[in-house]
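Peer 1: Sharing a structure, written as structure tokens. Questions coming.
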Amino acid sequence: MNHASRIDKTVRNIYDTFDNPGANPLEAGLGDIDSWIDALDGLGGSALNGLQKELRNLRSYVERDDRPAIAATLQMLGTETSRIASGMHSLTDNTGDQLRHLGQTLVIAAGNLKMPRADSAKIL
């Protein structure tokens with residue numbers, strides 16, 4: 001899967017998770033996280049290594065349903081993704097725009113998790 005498709009799929013999955021709480025199996029969310037860890041593997045750079053570390057932390061928090069830690073990690077990932085994307089401007093593709101959208105979506109997801117839960121469903 002190319003990065004543009006992976007970004008689009010991730011954004012759709014995040015929105016779907018909040019639109020349909022409890023309908024998304026935990027394993028699917030963990031699979032998405034693992035997919036991003038694998039995609040960043042070997043790309044190098046301290047920023048990407050930091051993202052991989054946070055994604056691994058996120059995976060652990062999701063498994064434990066630790067909502068405050070998930071929210072904090074999503075906030076950090078969103079902010080960092082937006083920061084990385086800020087310098088990406090291209091007339092040939094829209095990867096920078098897609099990354100900025102992903103960053104915003106992650107920050108929104110973090111905010112949604114900080115709100116009291118209406119039910120006992122897991123977020124992913």
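The values are calculated or read from the model by the stated rules, or taken from the named source; none is laboratory data. Values in this document were obtained by computation on a predicted structure and should not be read as measured data. Here the Cβ positions follow ideal geometry from the backbone for every residue, glycine too, while neighbour counts run over all protein chains shown. To get the accessible areas, we keep the full protein, side chains included, count just its heavy atoms, and leave off ligands, DNA and RNA. Shrake-Rupley method; radii C 1.70, N 1.55, O 1.52, S 1.80 Å.
Peer 1: Counting only protein heavy atoms and using a 1.4 Å probe, what share of the accessible area of the chain belongs to carbon plus sulfur, as a whole percent? Can you show the working numbers first?
Peer 2: Details: 3800 of 6960 Å².
Solvent-exposed carbon and sulfur of the chain make up 55 percent of the total.
Peer 1: Match the structure shown to one of the listed values [x] 24, 15, 14; [y] 38, 21, 14; [z] 32, 19, 12 of semi-axes √(5λ) of the Cα gyration tensor in Å, computed from it, and give that label.
Peer 2: Calculated semi-axes √(5λ) of the Cα gyration tensor in Å: the matching label is [x].
Peer 1: Still on this structure, please answer the following. With everything on Cα atoms, drop me the angle between helix 3-19 and the longest principal axis of the chain, reported from 0 to 90° to the nearest 10.
Peer 2: Result, in degrees: 20.
Peer 1: Under a point-charge model restricted to the Cβ atoms of Lys and Arg (+1) and Asp and Glu (-1), what is the dipole moment magnitude of the chain relative to its Cα centre, in debye to the nearest 20? Walk me through the numbers on the way to the answer.
Peer 2: Working: 13 positive and 16 negative charges, 65 e Å.
My answer is approximately 320 debye.
Peer 1: Expressed as an acute angle from 0 to 90° and rounded to the nearest 10, what is the orientation of the C-alpha long axis of helix 26-40 relative to the principal long axis of the chain?
Peer 2: Roughly 20 degrees, rounded to the nearest 10.
Peer 1: Between A4 and L48, what is the FRET efficiency for a Förster distance of 22 Å, r being their Cβ-Cβ separation, to the nearest 0.05?
Peer 2: On the way: r = 17 Å, r/R0 = 0.79.
For A4 and L48, the calculated efficiency is 0.80.
Peer 1: In percent, what relative contact order does the chain have, based on Cα pairs under 8 Å that are 6 or more apart in sequence? List each step's numbers first, then the result.
Peer 2: Details: 130 pairs, mean separation 43.5, N = 124.
In percent, rounded to a whole number, it is 35.
Peer 1: Measuring with a 1.4 Å probe in the full set of protein chains, what accessible area per residue, in whole Å², belongs to the chain? Display every interim value, and only then the final one.
Peer 2: Values: 6960 Å² over 124 residues.
Ligands and nucleic acids excluded, the figure is 56 Å² per residue.
Peer 1: Using only Cα atoms, find the angle between the long axis of helix 67-85 and the longest principal axis of the chain, and express it within 0 to 90 degrees, rounded to the nearest 10.
Peer 2: With both axes taken from Cα atoms, the answer is about 10 degrees.
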